[in-house]
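Only one structure is covered here, and it is reproduced in the block below.
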Amino acid sequence: MNHKGKKIIDVAGFYLVSALMTIIVLIPFFWMLSTSLKSKGALMALPIQWIPEEPGLKAYQQVFERFPFVRAMFNSVGISVFYTAITILSASMAAFAFAKLAVPCKKVLFSLYIATMMIPTQVTLIPLFVIMNRLELVDTYGSVILPAVFRAFAVFLLVQNMKSIPNDFMEAAQMDGAKLGYIYWRIIMPLSTPAIASLSITTFMESWNDYLWPLVMLSDKKKMTLTLALNSLNGQYTTDYNVLMAGSLISMIPIILVYTAASGKMKNGLMAGGIKQ
Amino acid sequence: MKQSKWKSIPFLLPSLLGMVVLSLLPIAIAIVLSFTDWNGLDKLNLTTIRNEFVGFKNYISILGSAEFWQVLGHTVYYIVLYLPLAMLASMGIALLLNKGRKGTAFFRVIYYIPVLTSWVAASLIWKWVLSSKYGIINNLLALVGITGPAWLSSPVWAMPGIVLASVWKDMGFYGLFLLSGLTAINTTYYEAAKVDGAGKLTMFFKITLPLVTPTLFFCLIMSLINAFQLFPQVQIMTEGGPNGATRVVVERIYTYGFSYFKMGFASAYSWLLFLIIFILTLVQFKLQNGWVHYES
C-alpha cells in the first residue's frame, strides 16, 4: 500500500474510534434527555420509545413542584463557592509559610500533613459528626463548609508549586521593607495563579458533587444541596424516572458551565503566571 | 528568606487549627471509639467511654464474621472487572487525544462530561439505562439479538453493572491524566525509532508504554484507593443488594454507623479499611521497581 493510502486509513480510523467512544459516552445522556421529555405512561411503554412520541416538559415542572430545587441549586452554589474560597485561602497561607518562611519544627509539621492524607475520610466521618454535634453545627451550612479549613492535599500541592517560585522577588520586596502579608498577597499569590486556578476548579467540583458528608450533616430540606435533593427525589419517587432524569439534567448544567468558563480562564492564567527565570 | 520563626505562625494558624480539630482530634476519637460499643446517643465523655469499653471485641467480631470477607470479596470482584476496563478505556482516550487531529478539543470536552456529572446523577442515569425491560442497553442488545441480563436486580450481574457505570464515569478523568503523561514523552525517541524503521506497534510497546508507566502507576494507585472507597454508586444503584451481592466496605460503615447507630463497630470497620488501603499502597510502591520506568 502506498503512503497516501496508509494516511487515509489512519485518519479514518481515528475518527471512527473517536465517534464510537463519543457514542458510548453520550448514550446514557441521550437516554436521560429522552426520558426526561416523556410522560409517566410513556416510560413503561413497550417497545420502548427511543425518542418520545409526545415530548413535553411536564417532568421538569414536577421536579420544581416536588422539591425546592431552585433553593437546592442556590445552596449548592453558595456552599461550593465558600468551600472553595476557604480551601484556597487557608491552604495558600499555610503553603506560603511551608515553602518560603522559617517555621518552628517545619519537618515534623509537614510530615504530619502528609500523614493525615493517608487516613481515608470514612475513618473521621463518625468523630467529625460527633464534633459538629458538640459545636451545634449539625444541619447548618457551616458543617459542610468548615472542613475546607484543613485540606492537606491542597496545602501539599501548593507547597510543591510555590517552591518553584524564585526567592529573588521576595528578597527584593523585603529589602524595600515589604511586610510578609504584602509579599504573600501581592507576589506569591499572583505568581501561583495557574496552580490556584486548577486547584479551585477541582475543589469546586469536589464540593459540588460531594455526597457522603452532606448526607450525614444535612437533613433539613431547605438546606439540602443538589446532590441531596436528587437523592431525596430518588427516595420518594423511585419509579418516576422522567422526573429523576429531568432533575439529573438540571443538576448537571451549572457545573458544566463553570467548568467550561474556568478552563478558558485557566489557559489565560497559565500565560499570566509564566515567569522568566 | 530571613525572618523570625514566629512570624510565620499567623499564616499557618487557620490550617493548623483545622488540622487539630478536623483531623487529628477525629483520628484520636476514631481510635478510642473503635474499642467501645458506643451507640451514638449517650453523651460522649470519659465515663461513657470507660463504661462502654470493649477492648478488641469489635475487631475480633468483624474479622470473624463471614460478612466482612464477603464484602471484601465483592470489592475484589469489582476491582478485577474495573481496573483492566478503566485503564484500557482511559489509555484509548489518551492515545486518541494525543494524535492532535482536528476535533481533539471537542472530543476532550465530550469525554470529560461524565467526570463533571455528580455520582448521584450518574447513578440515577445508569440505574435507568440498565433497567432490564425499559433500559437502553438491553434494548440495544436486543437489536442485535442478544437478551441482556437483569443487571441490577440479578446478584450475578449487579456488580458488573456498577463497574460499567464506574468505568464510564472515570475513564475521562484517567484519560486526561494519562494524556499529560503521553505529551511529556520526548519526541526525539519516536524520530530515532522511525529512522531505524520501527513500526507503529513496536513504537507503542517499546517507547510509549514504558515511558508512560510512571503516570500509569499513579492512576493505578488512585483507582485502587478509590475502589476500596466505593460508595455513592452502590448506595444509589443497589443499596448493597440484591440480597447483599453488592455490599462494600464504606456502605457497611455508613449502614452500621448511621442506620444501626453502632458507632464503635463502624469505627473499627473504618480502621480495617485504612489498614487494607495502607498495605496495598505499600505493596504497590514495592512492586513498582519491577515495571515502572523512570527516565534518568
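The values are calculated or read from the model by the stated rules, or taken from the named source; none is laboratory data. No experiment lies behind these values; they were computed from the predicted model shown. We place every Cβ from the backbone using ideal geometry, glycine too, and count neighbours over all the protein chains shown. To get the accessible areas, we keep the full protein, side chains included, count just its heavy atoms, and leave off ligands, DNA and RNA. Shrake-Rupley method; radii C 1.70, N 1.55, O 1.52, S 1.80 Å.
List of remarks:
- Filter result for the condition that a residue is hydroxyl-bearing (Ser, Thr, Tyr) and without any contact (Cβ under 8 Å) to a residue 24 or more places away in the chain, over A:Tyr211, A:Tyr184: A:Tyr211
- Close pairs from the stretch A:72-83: first over 17 Å from A:Leu199 (Cα atoms), partner of a type in the set (A, V, I, L, M, F, W, C) and not in a helix (DSSP H, G or I), Cβ under 7 Å, at least 6 apart: A:Ala72/A:Met224; A:Asn75/A:Met224
- Scanning the stretch B:224-265 for residues that are among the acidic types (Asp, Glu) and open to solvent by less than 20 Å² (accessible area, probe 1.4 Å) yields a single hit, B:Glu251.
- Residue in the stretch A:228-250 that is open to solvent by less than 30 Å² (accessible area, probe 1.4 Å) and part of a loop (DSSP other than H, G, I, E, B) present: yes
- The lone exception for A:Ser198 - which of (1) in a helix (DSSP H, G or I); (2) within 11 Å of chain B (Cβ to nearest Cβ); (3) open to solvent by 30 Å² or more (accessible area, probe 1.4 Å) it fails: (2)
- Looking only at residues in the stretch A:113-146 that are more than 13 Å from B:Leu22 (Cβ to Cβ) and at the interface with chain B (Cβ under 7 Å from one of its Cβ atoms), the one that is surrounded by the fewest Cβ atoms within 10 Å (Cβ to Cβ) is A:Met118.
- Residue match in the stretch B:177-187 (condition: over 17 Å from B:Ile113 (Cα atoms), surrounded by 14 or more Cβ atoms within 10 Å (Cβ to Cβ) and without any contact (Cβ under 8 Å) to a residue 40 or more places away in the chain): yes
- Search result, residues across the stretch A:102-123 that are modelled with pLDDT of 85 or more and part of a loop (DSSP other than H, G, I, E, B): A:Ala102, A:Val103, A:Pro104, A:Cys105
- Cβ-Cβ under 6 Å pairs, at least 6 apart or on other chains, the stretch B:1-26 side farther than 26 Å from A:Gly177 by Cα, far side among the β-branched types (Val, Ile, Thr): B:Gly18/A:Val149; B:Ser23/A:Thr116; B:Pro26/A:Thr124
- Selection count where residues are touching a residue at least 12 places away in the same chain (Cβ under 8 Å), part of a loop (DSSP other than H, G, I, E, B), within 12 Å of another protein chain (Cβ to nearest Cβ) and open to solvent by less than 30 Å² (accessible area, probe 1.4 Å), scope the stretch A:40-63: 1
- Residue identified as in contact (Cβ under 8 Å) with a residue 60 or more places away in the chain, part of a helix (DSSP H, G or I) and more than 30 Å from B:Ile207 (Cα to Cα) among B:Val234, B:Val250: B:Val234
- Residue, farthest from A:Thr225 (Cα to Cα), within the stretch A:147-169, restricted to residues that are buried (at least 18 other Cβ atoms within 10 Å of the Cβ) and facing chain B (nearest Cβ under 8 Å): A:Val155
- The number of residues in the stretch A:236-248 being facing chain B (nearest Cβ under 10 Å), farther than 17 Å from A:Trp208 by Cβ and not hydroxyl-bearing (Ser, Thr, Tyr) comes to 3.
- Restricting the stretch A:23-32 to residues that are open to solvent by less than 80 Å² (accessible area, probe 1.4 Å) and over 23 Å from the mean Cα position of the chain (by Cα), the residue that is farthest from the other protein chains (Cβ to nearest Cβ): A:Ile27
- Residues that are modelled with pLDDT of 80 or more and outside any helix (DSSP H, G or I) were ranked within the stretch B:1-46; the one that is most open to solvent (accessible area, probe 1.4 Å) is B:Asp37.
- Selection status of B:Lys206, charged (D, E, K, R) and surrounded by fewer than 21 Cβ atoms within 10 Å (Cβ to Cβ): yes
- Each residue in the stretch B:133-163 was checked for being under 21 Å from B:Met237 (Cα atoms), without any contact (Cβ under 8 Å) to a residue 60 or more places away in the chain and open to solvent by 60 Å² or more (accessible area, probe 1.4 Å), and 3 of them qualify.
- Residue match in the stretch B:62-82 (condition: hydrophobic (A, V, I, L, M, F, W, C), crowded, with 17+ Cβ neighbours inside 10 Å, within 14 Å of another protein chain (Cβ to nearest Cβ) and without any contact (Cβ under 8 Å) to a residue 12 or more places away in the chain): no
- Test: residue in the stretch A:256-263 that is under 22 Å from the mean Cα position of the chain (by Cα), open to solvent by 30 Å² or more (accessible area, probe 1.4 Å), at pLDDT 85 or above and closer than 26 Å to A:Ile88 by Cβ: yes
- Those residues of the stretch B:98-112 which are at the interface with chain A (Cβ under 7 Å from one of its Cβ atoms) and in a helix (DSSP H, G or I), in sequence order: B:Phe107, B:Ile110, B:Tyr111
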